[in-house]
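Laboratory data are not the source of any read-out in this text; all were calculated from the coordinates shown. Just so it is clear, the structure is predicted and the values come from calculations on it, not from any experiment. Virtual Cβ from ideal backbone geometry, glycine too; neighbours counted across all protein chains shown.
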Amino acid sequence: MKTLGKIVGALALLGALVFAYISWIYSNSLLRVETAEKAIALTYDDGPNPPHTQALLELLAQRKVKATFFLKGRNVEAFPELAAQVVAQGHEVANHSYHHYAMGALRKEEMLAELVRVNELILVTTGVQPSLFRPPFGIQGAGLKRALDELGMLSVLADASGTDWEVTDARQVADLVLADVGPGSIVLLHDGHGDVDGPDEQDSRAHSVAATALIIDELRAKGYRFVTVSELVGLAEG
């Protein structure tokens with residue numbers, strides 16, 4: 001029995017250490033914001049991507065909604081005027097890496113170089129210095145946490161997703177988001193693709209644009225308002 005007790009104790013200690021380590025890795029990550037206000041942030045990954053980013057910007061302007069765009073560096077290089085248009089229309093821009101690699105496969109120095117490269121691209125192109133980053137595939141490790149800490153950046157994940165990289169029916173995409181969304185939610189959608197060889201090989205994101213219209217209209221009918229991620233952080237309680 002003493003041996004069993006030691007094993008149980010060791011396993012409990014190991015579990016506590018693993019939990020503490022994972023908590024540390026995600027300590028500078030944002031999944032959602034604790035707030036009683038019916039406010040959510042719409043976010044879009046992998047752009048800018050013509051013509052779908054333009055279509056999305058037109059829709060958001062019509063609905064008078066501001067969103068946060070996590071830009072892929074090579075697309076900013078390919079479509080600088082479109083990246084600048086996102087900011088000109090009052091939206092927030094953030095960093096989504098240059099190559100869309102799984103960051104855990106890189107050394108810390110490579111992560112830093114990737115982050116800085118895109119920050120500088122966005123700054124030169126839009127005049128905005130990004131403070132937010134979304135890791136490709138939502139994967140964050142110890143090296144990325146250290147790199148983000150060094151740059152003073154916040155990692156942004158999401159608690160509601162339309163899985164629009166797989167689901168291509170706008171109604172289904174919207175329903176997936178609506179099923180999970182609540183006060184303080186961060187919604188993940190896409191206006192581009194991360195896993196392609198170049199910006200000129202982007203597939204359609206028309207379903208994501210159409211789903212956005214459904215999401216906005218149906219959540220507004222329930223009393224929700226839409227803010228950028230940084231604005232949502234400002235609403236955090238406590």
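Give the calculated FRET efficiency between GLU109 and VAL87 to the nearest 0.05, with a Förster radius of 22 Å applied to their Cβ-Cβ distance.
FRET efficiency, GLU109 to VAL87: 0.15.
Given a Förster radius of 30 Å and the C-beta distance between ASP217 and VAL128 as r, what FRET efficiency does 1/(1 + (r/R0)^6) yield to the nearest 0.05? Each step should come with its number before you reach the end.
Values: r = 29 Å, r/R0 = 0.97.
Here the calculated transfer efficiency is 0.55.
Can you check how the C-alpha radius of gyration of region 99-196 compares to 2.2 N^0.38 Å, as a plain ratio?
That works out to 1.20 for region 99-196.
Could you tally up the Lys pairs in region 30-233 with alpha carbons closer than 22 Å? Skip any pair fewer than 8 positions apart unless they're on separate chains.
Lysine pair count for region 30-233: 8.
Per 10 Å bin from zero, what fraction in whole % of the C-alpha pairs of region 30-233 is there, up to the bin with the longest pair?
Spelled out per bin, shortest first, that is 9, 39, 38, 13, 1.
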